[in-house]
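Asker: Quick one: structure below, then a few questions.
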Amino acid sequence: MAQLPQFTASPIDLDSIADFDGRVTVFLSETGRLSQLARRVNRLMRGALERFGESDRFAKMSAGDAVEMPFPTGMAAQAVQVIRLERKPSQEQARKAGAAIGKALGGSDTLVLLGNQQLAADIALGCALRAYRYTEMKSEEAPAQGGVTFMASKPEELEADLAAVSAVAEGVCYTRDLVNKPSNILTTTTFAESLSDMSDLGLTVEVLEEDQLEELGMHMLLGVGVGSESPSKVVVMQWTGAPDAKAAPLALIGKGVVFDTGGISLKPAGGMEDMTMDMGGAGTVAGVMRTLALRKARANVVAVVGLVENMPDGKAQRPGDVVTSLKGDTVEVINTDAEGRLVLGDIMWYAQERFSPAGMIDLATLTGAIIVALGHEHAGVFSNDDSFAGSFLKAAAAEGEGAWRMPLGKGYAKLLKSSVADVKNIGGRWGGSVTAAEFLHRFVPEGLPWIHLDIAGVAKPAGATVLAPKGATGWGVMALDRMIREMFDEG
Ligand code: BES
Ligand code: MN
Ligand code: ZN
């Protein structure tokens, strides 16, 4: 697990600033008025900060932008990082400012001169998230990251906030680690082991093996994995934190295809390496469970993830095969590359039968079509319940995680009619994300509020984002954690 930077909150000590020999971060607001801490830095630097604040360069900066003044006169610091930020910024601006600190974090320690800066927790969160690096596969060992000390007027208050920030950041970074791992390292077996290790945090974790899945009748899920040397597994994680341990839980369901070659309906070679992230749904669900356990959420949540590998092989499932799902529906597998829905259908049915949840949310890197529709800015949100969907959209907006409502409808469901079985697994060229969602809809019992999140475009976009370096983003962990907090912890 990638380490978060070590955070400390310390009281204001003006005299310590001159001698601090790491990096110093100071905030400068638009008004040009220097805070008490900025005034001290300015005096040490013989007015350089004030001159900078009056410059055209500063005027052109947006909130959260940073510049670096290396080896400043009058200070022992290696650099003073100046970040433009109002004393009362928006959450987005505060997180962006924090990200500038995190991005620049190297081997040396950083002193962040917060004073009475508002939204300090969001600055810290931005810092933790953007400081993330995936270095496990580099032969050269990554140098230890420097610690971050926040000099604040109310350090005890900040200390408590920092614990909450760490719980969220650890969940997000756990998801990123899982999604960034190559598929020879994160197999169905090592994935299940990593999830099992979370029992140390107080989660109840069960691993269902192939013979048990056979016995249960998850033939739709098992069909996807038969071509692989890695055994298919279903992992069930439970967090029981509500005052009433018997209260109906929220169910989170994740697609965990550790690699998706397409199977016999083989994908083209170009870009196939991206399919290491096809377990992103399961990875996100795992990150949420980690955060819930770390912050001891007062909510009951169960997670079910299907871990399989989709490979072509002499034993692999063929186009045209018909399999029987756990629910009992027969499914004609027209395209073995439409495998995620086959995995999800069985575990969705299992989760609702076993746990009678109050609501169900599935996450999956399900379709290329959702990337055509929404790009990398928004995940697709499909739901049978406007109020449930509304709570999610609100939480996602509050966390700055893009999410956009998409339709469902009988007209789309009709496209899945099969001439030989109850249903087929693809709908045709158009509306591919919606027909995929309608396939899943069959495995949601009447009356159960359900959300399907197609995260194919947001789990691991091609470049860096404000809060994540290039690679996995951990999209959805913060939104789901917030939604759970708002609906269950505080409900
Ligand atoms: N894992 C893919 C979807 C995907 C594509 C995720 C690109 C991330 C980036 C999924 O299993 C898949 O192959 N879907 C097919 C469905 C088609 C065969 C109906 C697709 O989108 O092409
Ligand atoms: Mn596929
Ligand atoms: Zn897939």
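Asker: Taking the conditions exactly as written (within 15 Å of ligand 3 (Cβ to nearest atom), within 12 Å of Val304 (Cβ to Cβ) and of a type outside the set (Val, Ile, Thr)), does Asp337 satisfy them or not?
Answerer: Taking the combined requirement at face value, the residue does not satisfy it.
Asker: Something else now. Of everything in the stretch 25-44, what is more than 36 Å from the chain's Cα centre (by Cα) and of a type in the set (Gly, Ala, Ser)? Give them in sequence order.
Answerer: Gly32
Here is a yes/no grid of residues against (1) within 30 Å of Gly241 (Cβ to Cβ); (2) at pLDDT below 95; (3) touching a helix residue (DSSP H, G or I) at 6+ places or on another chain (Cβ under 6 Å); (4) not assigned by TED's automatic domain parsing to the domain that holds Leu440:
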position: Thr324; (1), (2), (3), (4): no, no, yes, no
position: Val333; (1), (2), (3), (4): no, no, no, no
position: Thr336; (1), (2), (3), (4): no, no, no, no
position: Glu339; (1), (2), (3), (4): no, no, yes, no
position: Asp346; (1), (2), (3), (4): yes, no, yes, no
position: Ala351; (1), (2), (3), (4): yes, no, no, no
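Asker: Of the residues Arg354, Arg341, which single one is assigned to a helix (DSSP H, G or I) and more than 24 Å from Ser183 (Cα to Cα)?
Answerer: Arg354 is the lone residue from the list that is assigned to a helix (DSSP H, G or I) and more than 24 Å from Ser183 (Cα to Cα).
Asker: Scanning for something away from ligand 2 (no atom under 16 Å from the Cβ), of a type outside the set (Asp, Glu), touching a strand residue (DSSP E or B) at 6+ places or on another chain (Cβ under 7 Å) and closer than 21 Å to Leu480 by Cα, does the stretch 228-235 turn up at least one residue?
Answerer: Taking every residue of the stretch 228-235 in turn, at least one turns out to be away from ligand 2 (no atom under 16 Å from the Cβ), of a type outside the set (Asp, Glu), touching a strand residue (DSSP E or B) at 6+ places or on another chain (Cβ under 7 Å) and closer than 21 Å to Leu480 by Cα.
Asker: Name the residue, out of Gly22, Gly64, Gly47, Gly53, that is over 36 Å from the mean Cα position of the chain (by Cα), of a type in the set (Gly, Ala, Ser), crowded, with 17+ Cβ neighbours inside 10 Å and modelled with pLDDT of 95 or more.
Answerer: Result: Gly53 is the single residue among Gly22, Gly64, Gly47, Gly53 that is over 36 Å from the mean Cα position of the chain (by Cα), of a type in the set (Gly, Ala, Ser), crowded, with 17+ Cβ neighbours inside 10 Å and modelled with pLDDT of 95 or more.
Asker: Then there's this: Any residue in the stretch 3-29 that's within 22 Å of Arg84 (Cα to Cα): show its pairings with residues that are acidic (Asp, Glu) at Cβ separation under 7 Å, as long as the two are six or more apart or on different chains.
Answerer: Ala9/Glu159; Gly22/Asp109; Ser29/Glu86
Asker: Which one is nearest to Glu206 (Cα to Cα), of the residues in the stretch 259-290 that are part of a loop (DSSP other than H, G, I, E, B) and near ligand 1 (Cβ under 9 Å from one of its atoms)?
Answerer: The extreme case among them is Asp278.
Asker: Here is a follow-up. Across the stretch 251-286, what is the total count of residues that are surrounded by fewer than 24 Cβ atoms within 10 Å (Cβ to Cβ) and more than 18 Å from Ala456 (Cα to Cα)?
Answerer: Final tally of qualifying residues: 4.
Asker: Give me a count of the residues in the stretch 398-439 that are within 13 Å of ligand 1 (Cβ to nearest atom) and in contact (Cβ under 8 Å) with a residue 40 or more places away in the chain.
Answerer: Qualifying residue count, the stretch 398-439: 10.
Asker: Do we have Val381 as modelled with pLDDT of 95 or more and farther than 19 Å from Met360 by Cα here?
Answerer: It is false that Val381 is modelled with pLDDT of 95 or more and farther than 19 Å from Met360 by Cα.
Asker: Next up: Filter the stretch 81-93 down to residues that are free of Cβ contacts under 8 Å to residues at least 40 places away in the same chain and more than 16 Å from Val67 (Cα to Cα) and give me whichever is surrounded by the fewest Cβ atoms within 10 Å (Cβ to Cβ).
Answerer: Lys88
Asker: Then there's this: Out of all the residues in the stretch 246-299, which are away from ligand 2 (no atom under 16 Å from the Cβ), over 20 Å from the mean Cα position of the chain (by Cα) and not small (Gly, Ala, Ser)?
Answerer: Listed by number, the residues that qualify are Lys246, Pro249, Arg298.
Asker: Also, quick follow-up: Can you tell which of Ala316, Ala293 is assigned to a loop (DSSP other than H, G, I, E, B), small (Gly, Ala, Ser), surrounded by fewer than 24 Cβ atoms within 10 Å (Cβ to Cβ) and in the same structural domain as Gly457 (by TED's automatic domain parsing)?
Answerer: Ala316
Asker: So, in the stretch 240-295, how many residues would count as being within 13 Å of ligand 3 (Cβ to nearest atom) and among the hydroxyl-bearing types (Ser, Thr, Tyr)?
Answerer: 3
Asker: Given Phe443, Phe439, which one is buried (at least 23 other Cβ atoms within 10 Å of the Cβ), within 15 Å of ligand 3 (Cβ to nearest atom) and outside the structural domain of Tyr132 (by TED's automatic domain parsing)?
Answerer: Phe439
Asker: A follow-up question, please. Within the stretch 92-126, can you find the residues that are among the basic types (Lys, Arg) and more than 15 Å from Gly147 (Cα to Cα)?
Answerer: Once the filter is applied, which keeps residues that are among the basic types (Lys, Arg) and more than 15 Å from Gly147 (Cα to Cα), the stretch 92-126 yields Arg95, Lys96.
The values are calculated or read from the model by the stated rules, or taken from the named source; none is laboratory data. Note that this is a predicted model, so its numbers are computed, not measured. Note: ideal-geometry Cβ built from the backbone for every residue, glycine included; neighbour counts use all protein chains shown.
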